[in-house]
Amino acid sequence: MKTLWRSVALTAGGRPGMRLCRSLAAPTGRARLLGQLHAPDVAARSPRVLGVDDFAFRRSRTYGTILLDVETSTPIDLLPDRTSETFAAWLTAHPGAEIICRDRDGGYSRAIKEAAPDAAEVADRWHMLQHLSAAVEETCHQHRACLHKYALDDVDAPAPPTAPPTALLPLMPPLDNIPDTPLMPG
């Protein structure tokens, strides 16, 4: 039973895992599920590509830092806060990161410059897309008057002629010509 609980806890976590166990007729509480998880040993060296981001232990109150091996998509360590001092101490104790993928928080950047100055800093995809989206939205908002003018001008313009399709697909044969044969022999 503990093996099942551990697998569910690894896959689904606390509350969702509890609901899954109930449907599997192996009910348990979320604390027992999470108690099946044990922290993996942290390697002495940092992975070549290290990912760093903050997360909420308790939203709007307590935050921590998660460290990931980006190449294998596996968590490496959790830090108890998101300060640059804590992250710098971790980097000093675990050298070897060549590339550090992070959000745009200045604290992480200070820690990298202090403890791993040779590592290349790159922004992660999620934060890049979030900031790009915000910039596009702000630009559209700033230029909404001229965009609105051009949108109205396009309404009055005649519609461009539609081009015929470039490739035609073969038609399906009529259903009455399909032989009445079973799909599976037997």
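Summary table below
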read-out	value
Filtered residues of region 117-133 (kept if out of contact with any Lys or Arg (no Cβ under 8 Å at 6 or more places or on another chain), assigned to a loop (DSSP other than H, G, I, E, B) and either aliphatic (A, V, I, L, M) or surrounded by 14 or more Cβ atoms within 10 Å (Cβ to Cβ) (or both))	119
Qualifying residues in region 44-80 (those that are open to solvent by less than 60 Å² (accessible area, probe 1.4 Å) and of a type in the set (Gly, Ala, Ser)) - the one farthest from residue 104 (Cα to Cα)	46
Counted residues, region 82-92 - those being more than 21 Å from the chain's Cα centre (by Cα) and either within 23 Å of residue 37 (Cβ to Cβ) or surrounded by 17 or more Cβ atoms within 10 Å (Cβ to Cβ) (or both)	6
Candidates 138, 114 - the one that is at pLDDT 85 or above, farther than 30 Å from residue 43 by Cβ and part of a helix (DSSP H, G or I)	138
Neighbours by Cβ (under 6 Å, 6+ apart or cross-chain): first from region 71-94, under 18 Å from residue 58 (Cα atoms); second among the hydroxyl-bearing types (Ser, Thr, Tyr)	79/65; 79/86; 82/63; 82/65
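The values are calculated or read from the model by the stated rules, or taken from the named source; none is laboratory data. As the structure is a prediction and not an experimental result, all values here were calculated from the model. Positions of Cβ are generated from backbone atoms using ideal geometry, with glycine treated the same way; all protein chains shown enter the neighbour counts. Just so you know, the surface numbers come from the protein's heavy atoms only, side chains and all, with ligands and any DNA or RNA stripped out. Shrake-Rupley method; radii C 1.70, N 1.55, O 1.52, S 1.80 Å.
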